[in-house]
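Inspection log for the structure reproduced underneath, given as structure tokens.
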Amino acid sequence: MIYLINNEQVDVNVGLIIYSIIAVVFSLTNIFVVAIQLNRSDQEKIIYENALHASIKEIKQYKEALDSCSLVDITDMNGTIISVNDKFCEISKYDRKELIGKTHRVINSGHHSKEFYADLWHEIKNGKVWIGDIKNKNKNEEFYWVHTAIIPFKNEFGEIYQFLTLRQDITKHTLLALQYKNLKLKNKELEQFTYIASHDLQEPLRTVRSMISILQEDYSSKLDDDAQLSLNFMTEATDRMSELIKGLLDYSRIGRGKELITVNTNEIILEITKDLATIIEKNDAIITADDLPIIMAYKTEIRLLFQNLISNAIKFQKENGQPKIHISALEDNYYWKFSVKDNGIGIPEKDNRNVFGIFKRLHKRSYYDGTGIGLAHCEKIVHLHGGEIWVDSKVNQGSTFHFTILKNSLNEPY
């Protein structure tokens, strides 16, 4: 247009008018294009916003569903708890403020070994998801089992910065599984011990004891002092062996041919204190108890359980000490937790898990008599009732034996 005006082919005024019209048309065209693009951008924005709202709503529903059935917590790289949901607080019995800033040691039951947790940490610190079952302990000292998944979270550089832990409470299912496992173990133990005690041990022991008696009666005048002493040692050894065999037989008979009945544990304690009156009086022992519950149990076995624990508490006492024993019980959703506390010599912490082994002795026979099978009896009786037994103790600080009894035991007798 400027070229045409310069060459006087188009009037200046006309050229300016045409130029202005072209500029206006071009501007309107640009505005129209921009308007279309803005309108399309707004529509896409609305679509994106709607999709975002829908995703947020779906995520919120997932979270609500997860919170209703799972224990959820987030920890930092060192295992320090950053957040927990309401379900975690409900099962652990801790307030949120009691958990934030702590590690999972606060709910550690002591059931799992150090190697177990070392393997767990090795997995998650290498970016792998760890899945397994863990036994925890709540604020009320009650055990619970959780099926656990620990998921490492990584930043944009691929570095782990926190862990998300999801747990499901499987206590009831675990207890049922333990009952089934214990039932199979009982049958196996019964067969083994009955066979050993009735066939392999009793007869040769009676033979040895008879031969010793013959030597002592018929040849005592021909034996010197050393020989007589040896025969006395042999007699004592066979007597101890006889006690062990009896212990084995008693162990194999626990729960055999019995039925679950209603048992008042207050009456059980009263009966035991009457039966042990002589030893209680001799040791000036003091036995106290809270109001104890009525349970479904095998009465003879429950009586033996309490009797063994009370007898041990009196026996394993400090020199010139006065035995003080207190029996208490707490109620949980699934079981009763009993505790028998004493002020005796205590048990080294390293042996707290080992005291329930058959014939396990922590002291020389010259200090404390017995076969070392009493606590094994206790453990088997507790397992028979679908529970667990453990001890909290330190040397010279007394011991507290805890055990649980299912409220409604599903175990069947032999």
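The values are calculated or read from the model by the stated rules, or taken from the named source; none is laboratory data. All values reported here derive from a predicted model rather than from experimental measurement. Positions of Cβ are backbone-derived with ideal geometry, glycine not excepted, and every protein chain shown enters the neighbour counts. Note: areas computed on protein heavy atoms with side chains; ligands, DNA, RNA excluded. Shrake-Rupley method; radii C 1.70, N 1.55, O 1.52, S 1.80 Å.
Determine whether Glu243 is within 30 Å of Lys394 (Cα to Cα), assigned to a helix (DSSP H, G or I), open to solvent by 80 Å² or more (accessible area, probe 1.4 Å) and modelled with pLDDT of 90 or more. Can you show your working first?
Working: within 30 Å of Lys394 (Cα to Cα): yes; assigned to a helix (DSSP H, G or I): yes; open to solvent by 80 Å² or more (accessible area, probe 1.4 Å): yes; modelled with pLDDT of 90 or more: no.
Criteria not met by Glu243.
Go through (1) open to solvent by less than 40 Å² (accessible area, probe 1.4 Å); (2) modelled with pLDDT of 75 or more; (3) in a helix (DSSP H, G or I) for Glu217 and report which single condition fails.
Among (1) open to solvent by less than 40 Å² (accessible area, probe 1.4 Å); (2) modelled with pLDDT of 75 or more; (3) in a helix (DSSP H, G or I), Glu217 violates only (1).
Does any residue in region 380-396 that is over 21 Å from Lys188 (Cα atoms) come within less than 8 Å, Cβ to Cβ, of a residue that is surrounded by fewer than 19 Cβ atoms within 10 Å (Cβ to Cβ) and β-branched (Val, Ile, Thr) six or more places away or on a different chain, and which pairs are these?
Short answer, once both residue conditions are applied: Val391/Thr400; Asp392/Thr400; Ser393/Thr400.
Out of the residues in region 386-400 that are more than 16 Å from the chain's Cα centre (by Cα) and modelled with pLDDT of 90 or more, state the one that is least open to solvent (accessible area, probe 1.4 Å). Give the derivation first.
Of region 386-400, the ones more than 16 Å from the chain's Cα centre (by Cα) are 393-400.
Then drop every residue that is not modelled with pLDDT of 90 or more, which leaves 399-400.
Details: Ser399: 8, Thr400: 26 Å².
Here the answer is Ser399.
Inside region 61-156, counting only strands (runs of 3 or more DSSP E) that do not spill past its ends, which hold 3 or more residues that are of a type outside the set (S, T, N, Q) and closer than 18 Å to Asn333 by Cβ? Please lay out each step first, then the result.
Values: elements: 71-76, 81-84, 130-137, 143-154.
The strands (runs of 3 or more DSSP E) meeting that bar are 143-154.
Return the pairs, sorted by first residue and then second, in which the second residue is among the hydroxyl-bearing types (Ser, Thr, Tyr) and open to solvent by 20 Å² or more (accessible area, probe 1.4 Å), the first residue lies in region 69-92 and is closer than 23 Å to His122 by Cβ and without any contact (Cβ under 8 Å) to a residue 40 or more places away in the chain, the beta carbons are less than 8 Å apart, and the residues are 6+ apart or on different chains.
Asn78/Thr103; Thr80/Thr103; Ile81/Thr103
Which condition breaks for Lys222 when tested against (1) surrounded by 12 or more Cβ atoms within 10 Å (Cβ to Cβ); (2) at pLDDT 70 or above?
Among (1) surrounded by 12 or more Cβ atoms within 10 Å (Cβ to Cβ); (2) at pLDDT 70 or above, the lone unmet condition for Lys222 is (1).
Looking at region 97-113, which of its residues are under 14 Å from the mean Cα position of the chain (by Cα) and open to solvent by 40 Å² or more (accessible area, probe 1.4 Å)? Give the derivation first.
Keep residues of region 97-113 that are under 14 Å from the mean Cα position of the chain (by Cα), which gives 104-113.
Within region 97-113, His104, Arg105, Val106, Asn108, His111, Ser113 qualify.
Does Asn343 fit the bill of being touching a strand residue (DSSP E or B) at 6+ places or on another chain (Cβ under 6 Å) and farther than 29 Å from Thr262 by Cβ?
Values: touching a strand residue (DSSP E or B) at 6+ places or on another chain (Cβ under 6 Å): yes; farther than 29 Å from Thr262 by Cβ: yes.
The answer is yes for Asn343.
Looking at (1) under 24 Å from Glu267 (Cα atoms); (2) modelled with pLDDT of 85 or more, which one does Gly374 not meet, given that it meets all the others?
(2) is the only condition that Gly374 fails.
Tell me which residues, restricted to region 300-333, are over 27 Å from the mean Cα position of the chain (by Cα) and over 22 Å from Val355 (Cβ atoms).
Let us first name the residues in region 300-333 that are over 27 Å from the mean Cα position of the chain (by Cα), namely 300, 311, 314-324.
Listed by number, the residues that qualify are Thr300, Asn320, Gln322.
Enumerate the pairs (first residue in region 103-126 and touching a residue at least 24 places away in the same chain (Cβ under 8 Å); second residue anywhere and surrounded by 12 or more Cβ atoms within 10 Å (Cβ to Cβ) and assigned to a helix (DSSP H, G or I)) with beta-carbon separation below 7 Å, excluding pairs fewer than 6 apart on the same chain, so at least 6 apart or on different chains.
Ile107/Ser92
Looking only at region 352-360, decide whether some residue is touching a helix residue (DSSP H, G or I) at 6+ places or on another chain (Cβ under 8 Å), at pLDDT 90 or above and either farther than 27 Å from Leu270 by Cβ or open to solvent by less than 30 Å² (accessible area, probe 1.4 Å) (or both). Lay out the reasoning, then the answer.
If we filter region 352-360 for residues that are touching a helix residue (DSSP H, G or I) at 6+ places or on another chain (Cβ under 8 Å), which is where we start, we get 355-360.
Filter once more, so that each one left must be at pLDDT 90 or above: none.
Within region 352-360, none of the residues are touching a helix residue (DSSP H, G or I) at 6+ places or on another chain (Cβ under 8 Å), at pLDDT 90 or above and either farther than 27 Å from Leu270 by Cβ or open to solvent by less than 30 Å² (accessible area, probe 1.4 Å) (or both).
Looking only at region 52-70, decide whether some residue is within 21 Å of the chain's Cα centre (by Cα) and at pLDDT below 90.
Our first condition is that a residue be within 21 Å of the chain's Cα centre (by Cα); within region 52-70, this holds for 69-70.
Those still in the list that are at pLDDT below 90 too: 69-70.
Yes, there is a match, as at least one residue in region 52-70 is within 21 Å of the chain's Cα centre (by Cα) and at pLDDT below 90.
One residue is enough: does region 180-195 have a residue meeting the conditions modelled with pLDDT of 75 or more, among the hydroxyl-bearing types (Ser, Thr, Tyr) and open to solvent by 90 Å² or more (accessible area, probe 1.4 Å)?
No, because not a single residue in region 180-195 is modelled with pLDDT of 75 or more, among the hydroxyl-bearing types (Ser, Thr, Tyr) and open to solvent by 90 Å² or more (accessible area, probe 1.4 Å).
Can you find even one residue in region 275-295 that is in contact (Cβ under 8 Å) with a residue 60 or more places away in the chain and farther than 16 Å from Val340 by Cβ? Give the steps one after another, and end with the answer.
Let us first name the residues in region 275-295 that are in contact (Cβ under 8 Å) with a residue 60 or more places away in the chain, namely 295.
Then drop every residue that is not farther than 16 Å from Val340 by Cβ, which leaves none.
There is no residue in region 275-295 that is in contact (Cβ under 8 Å) with a residue 60 or more places away in the chain and farther than 16 Å from Val340 by Cβ.
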